[in-house]
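A.B. asks: Below is a structure I'd like to ask you about.
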Amino acid sequence: MPISADHGDNSPPGSVIYIVKLLGRKIIIGWDFLSLPNANPNLFWKPDLLILGTQSYNPHPKTGMISVSDAYDLVRRWNAKECYIVHYRGLLDFEEASNQWFRGPVKAMTTDELQSVIDSHLQVTGDNGKFRITVAKEGMVWTGKEEQIGYDESALVGKVLEIESLQKYILKIENVDRDHKLKLLVEDTVNRFNFEFVRPSKDENSDDILSAQGEKGMMAKGPQLRMEIVPSKSQDESSTIRIRVSRGAKKDVFKDDIYVSNNDAQRLRRFIKENFAPIVSTVK
């Protein structure tokens, strides 16, 4: 799938990068581009492999290409677990040496030096372990990780569950037992929502519905949560997690349908079942 790309003012129109889907894998081949005007961001979400051409470490738009610094942002925004850097030269980074306040690289680096700087950056930003960026060398071969087929019923559930959706969201749900609280993180390519709720409970008749009340503050009560798993109609289709965080009946703080794999829907269903008890109504 070709994606129209801006390759800078000195390049003729018609530049593209490619998204390749083959044998259940998604690979983004982003050789020479500066930006991707009007591209649908959902197309880039969660590639198995991302290849980026970066001519310098620091941003230099006159090259018509992104920099390694720009690549950090794209890796996070597209949720690319494995990225390979190609095309690096770094000669324009010498220009930063004249700025005594500049703290980034001010020279061209060898492959090993660039890899060391990238690794240090990922450690400082807290992404160590989540994302992997490798400076490509001649003869390297990439082998994708095997996908899990089916849901593993024997896997431990625990108190924290993280799910990556099929489009733009990452969900992290935590059952804070000691305080009888529920923490919910919803992160997309731009925004991050952090919520805390009290008295979480599943539906009395279903493991597909989770509710929680808002925390009481000094001035007002926090928003409440309703989360529902909508199963797929067939084995091949995705499931839906319907989330609504609201104040009262009308004011929504967050509301969206989040599409996930059927395996992840099963994981969430089991997480709800094993972590939360229903509130059973009684009549005297």
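A.B. asks: First check a/c for the stretch 160-275, with a ≥ b ≥ c the square roots of the eigenvalues of its C-alpha gyration tensor; if it is under 1.5, answer rounded, and if not, answer prolate when a/b is larger than b/c or oblate otherwise.
C.D. replies: Verdict is prolate for the stretch 160-275.
A.B. asks: When only C-alpha pairs under 8 Å and at least 6 residues apart count, what is the relative contact order of the stretch 2-135, in percent?
C.D. replies: It comes to 19 percent, rounded to a whole number.
A.B. asks: Still on this structure: Given R₀ = 35 Å, FRET efficiency for Val16-Trp142 by Cβ-Cβ distance, to 0.05?
C.D. replies: After rounding to 0.05, the efficiency reads 0.95.
A.B. asks: Sorted from fewest to most neighbouring beta carbons within 10 Å, what does the list Asp207, Asp252 look like?
C.D. replies: Listed from fewest to most nearby Cβ atoms, that is Asp252, Asp207.
A.B. asks: Given a Förster radius of 25 Å and the C-beta distance between Val176 and Asp252 as r, what FRET efficiency does 1/(1 + (r/R0)^6) yield to the nearest 0.05?
C.D. replies: 0.55
A.B. asks: If you take mean projected area of the Cα convex hull in nm² from the coordinates, which of [x] 18.7; [y] 17.7; [z] 21.3 do you get?
C.D. replies: Matching entry in [x] 18.7; [y] 17.7; [z] 21.3: [z].
A.B. asks: So, with +1 on the Cβ of K and R and -1 on the Cβ of D and E, and no other charges, what is the size of the charge dipole of the stretch 1-148 about its Cα centre, to the nearest 20 debye?
C.D. replies: So the dipole magnitude of the stretch 1-148 works out to roughly 400 debye.
A.B. asks: To continue, here is another question. Using only Cα positions of the stretch 2-135, each an equal point scatterer, no hydration layer, compute I(q)/I(0) via Debye at q = 0.09, 0.10 Å⁻¹ and quote the log10 values to two decimals.
C.D. replies: After summing over all Cα pairs, the log10 values are -0.26, -0.33.
A.B. asks: Run the dipole for the chain about the Cα centre, Lys and Arg Cβ at +1, Asp and Glu Cβ at -1, nothing else charged, and hand back the magnitude in debye, nearest 20.
C.D. replies: Dipole size: approximately 1140 debye.
A.B. asks: Students often forget the sequence filter, so: which lysines lie under 18 Å Cα-Cα from Lys81 once same-chain residues fewer than 8 apart are removed?
C.D. replies: Excluding near neighbours in sequence, the set is Lys21, Lys26, Lys46, Lys130, Lys145, Lys168, Lys172.
A.B. asks: Okay, moving on. Using amide H atoms built 1.01 Å from N in the peptide plane, name the residues 5+ places from Tyr88, or on other chains, whose amide H lies under 5 Å from its own.
C.D. replies: Thr54
A.B. asks: What is the order of Asp119, Asp112, fewest Cβ neighbours within 10 Å to most?
C.D. replies: Asp112, Asp119
A.B. asks: With springs connecting C-alpha atoms under 10 Å apart, model the chain as a Gaussian network and identify which of Trp45, Trp142, Trp78 has the largest mean-square fluctuation.
C.D. replies: Highest fluctuation of the listed residues: Trp142.
A.B. asks: In the Gaussian network model of the chain, springs joining C-alpha atoms below 10 Å, which of Met140, Met227, Met65 carries the largest mean-square fluctuation?
C.D. replies: Looking only at Met140, Met227, Met65, the largest GNM fluctuation is found for Met140.
Read-outs throughout are calculated quantities, based only on the coordinates presented, and are distinct from any laboratory measurement. What you are looking at is a predicted structure, and each value in this text was computed from that prediction instead of being measured. Cβ atoms come from the backbone with ideal geometry, glycine included; neighbour counts cover every protein chain shown.
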